[in-house]
Amino acid sequence: MRVAIVHYWLVSMRGGEKVVEALCDMYPDADIFTLVCDRDKLSEKIQRHRIFTSFLQHVPGSRKHYQSLLPLMPFALESFDLRNYDLIISSESGPAKGIIPPPHALHVCYCHSPMRYLWDHYHFYRGNAGLMAKVMMPLLAPLLRTWDANSSLRVDRFVANSHHVANRIGKYYRRSSVVVHPPVATEDFVPGGDVEDFYLCAGQIVPYKRIDLAVRAFTKLGRNLVVLGDGDSREVKALKRIAGPTITFTGPASFSELKSRLARCRALVFPGEEDFGIVPVEAMASGRPVIAYGRGGALDTVVPGHTGILFKDQSVESLVEAVEVFEAMEPRFRSDTIQMHAAQFSSMNFKIEMKKIIDQELAKRHVAIEARPYAASRSPLFQDVSQVPLH
C-alpha cells in the first residue's frame, strides 16, 4: 500500500508538524506533499521522507510569506499527482484536503481546523490585516469558501482534533467526524521541585491568543506573571505598554526552559480560544493546573476543580475572578492526579486511535469491492453460466 501524507506547509515544527511526525512513525515509507517547505526547520524524522513541494516553492519569499499566497493554494494543491497512492492522509488547517484523490484511494483528513481566516475568524483577521489585504479579502474570500466547502467532498473520512473542531466541520462542511486528540509528548514533561510564586503564560504572542487579558488581569491583581514566548512585534510592544511591574517578558525560550517554567509555576494561564491547545496539556503533564477560557479545545482537556479552572467570559473581570477562585482552592489540586489526566493525550494514544480509524475505513472499502457483482451476472448473455460450453 502506497501512502501519501499531505500537509499544508512545512516551515516550522509546531503542533501540526508533530502530527506529521506521528504519521511518519505510523507509515515510515510514506511520501510527503506540501505547498512550501523549509528543510532547515524540520525534524530529522520528517526529513527522512521524500518531500514533494508545489510550484509555490519557487515563488520568491514563499517560505516566509506563504499565507499571502492563499488565492493560489487551490491550484497548487490540485497540481499534485497522487494517482499511484492507495492511502492519502491530509493534515488540514491551511488548506491541505483540496488535493484530487484517485477513485481507488482512501482519503482521510485529520483536521486541526477549518481555515480560520475564511470562516469563524474571518472578521478578526481582516480587522488586523494590512490595507491591501483588507481590500482584497472581501473579493477573494467568497470564492475560496466555495472551493473549501466543495473540496470537503473529496474526503472519505474526517478526523477532528477536538470536539470544538468537529462542530465547526459539521457547521461549515456539513460532514460528520470522529475526534482524535493530537499527539502531545507528555512523557517529556515531569513535575518539578518546589512551586514558585508566579503564574505562566506561554506560546506564540499573537492577538487572537488574548495575552492582553492576562497582562491586564495580573497587573490589576498585583500577581507575578511570566509571559514566555515571542511573535508579533507590534503585539509584544502593545503588551509591554499596558504591563505593570509584576509582569515579566522573557522572549523566546528553549525547550528546557519551557519545561522548567511549566513545572514551577503556580498555574498556566490560557486566555485564548484554541482549536485544541497543546500548552495546557504540557502544563498538566508537568503536574500544574490550568486557568483557561472555557471555550474551544480547553473543554476537552481541562477538568474544572480537578486539573484547573475555566472562566466563562473573555474579559479581565472574568479572569480576575477565576484567579481568585483558583487561589481559594489551590491546595486541593494534586500534581499526580493532574499528570495522570494528561497521559491520555500521549503520542501513543494518537497513533493507536488513528490506526484504528484508518484500518476500519480500509476494511470497509475492501468489503465493498468484494461485494461488487461480476459483470457476467448483470448481462443477459450469461444469465445461466452453467450452459456455457467449456470446449
Listed by range, helices (runs of 4 or more DSSP H) wholly within region 81-186 having at least 3 residues that are touching a strand residue (DSSP E or B) at 6+ places or on another chain (Cβ under 6 Å) are 163-173
The one condition Leu56 fails out of (1) over 29 Å from His181 (Cα atoms); (2) surrounded by fewer than 17 Cβ atoms within 10 Å (Cβ to Cβ) is (2)
Taking region 310-364 and keeping only residues that are basic (Lys, Arg), assigned by TED's automatic domain parsing to the domain that holds His104 and either touching a helix residue (DSSP H, G or I) at 6+ places or on another chain (Cβ under 8 Å) or crowded, with 16+ Cβ neighbours inside 10 Å (or both), one is left with Lys351, Lys355
Over region 58-71, the set of residues in contact with a helix residue (DSSP H, G or I) (Cβ under 9 Å, 6 or more places away or on another chain) and assigned to a helix (DSSP H, G or I) is Tyr66, Ser68, Leu69, Leu70, Pro71
### Task
Return yes when Leu77 is in a helix (DSSP H, G or I) and touching a helix residue (DSSP H, G or I) at 6+ places or on another chain (Cβ under 6 Å) and no when it is not.
no
From the option list Asp25, Asp38, Asp29, Asp81, single residue qualifying as acidic (Asp, Glu), touching a Ser or Thr at 6+ places or on another chain (Cβ under 9 Å) and free of Cβ contacts under 8 Å to residues at least 60 places away in the same chain is Asp38
- prompt: Any residue at all in region 8-31 that is at pLDDT 95 or above, among the charged types (D, E, K, R), assigned to a loop (DSSP other than H, G, I, E, B) and loosely packed, with under 15 Cβ neighbours inside 10 Å?
  reply: yes
Okay, helices (runs of 4 or more DSSP H) sitting entirely in region 206-311 with 3 or more residues that are under 24 Å from the mean Cα position of the chain (by Cα), without any contact (Cβ under 8 Å) to a residue 24 or more places away in the chain and under 25 Å from Glu324 (Cβ atoms), I get none
When (1) surrounded by 18 or more Cβ atoms within 10 Å (Cβ to Cβ); (2) at pLDDT 95 or above; (3) closer than 29 Å to Ala129 by Cβ are applied to Arg174, the one that fails is (1)
Given the conditions (1) at pLDDT 95 or above; (2) buried (at least 17 other Cβ atoms within 10 Å of the Cβ); (3) not hydroxyl-bearing (Ser, Thr, Tyr); (4) not in a helix (DSSP H, G or I), every one holds for Asp197 apart from (2)
Of Val135, Val159, Val165, the only residue that is out of contact with any helix residue (DSSP H, G or I) (no Cβ under 7 Å at 6 or more places or on another chain), buried (at least 20 other Cβ atoms within 10 Å of the Cβ) and not polar (S, T, N, Q) is Val165
Checked Arg288, Arg241, Arg264 against criteria (over 20 Å from Lys18 (Cβ atoms), buried (at least 22 other Cβ atoms within 10 Å of the Cβ) and among the basic types (Lys, Arg)); the one match is Arg288
Taking region 328-347 and keeping residues among the hydrophobic types (A, V, I, L, M, F, W, C) and within 17 Å of the chain's Cα centre (by Cα) leaves Phe345
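The values are calculated or read from the model by the stated rules, or taken from the named source; none is laboratory data. Please read these numbers as outputs of a predicted model, since none were measured by experiment. Virtual Cβ from ideal backbone geometry, glycine too; neighbours counted across all protein chains shown.
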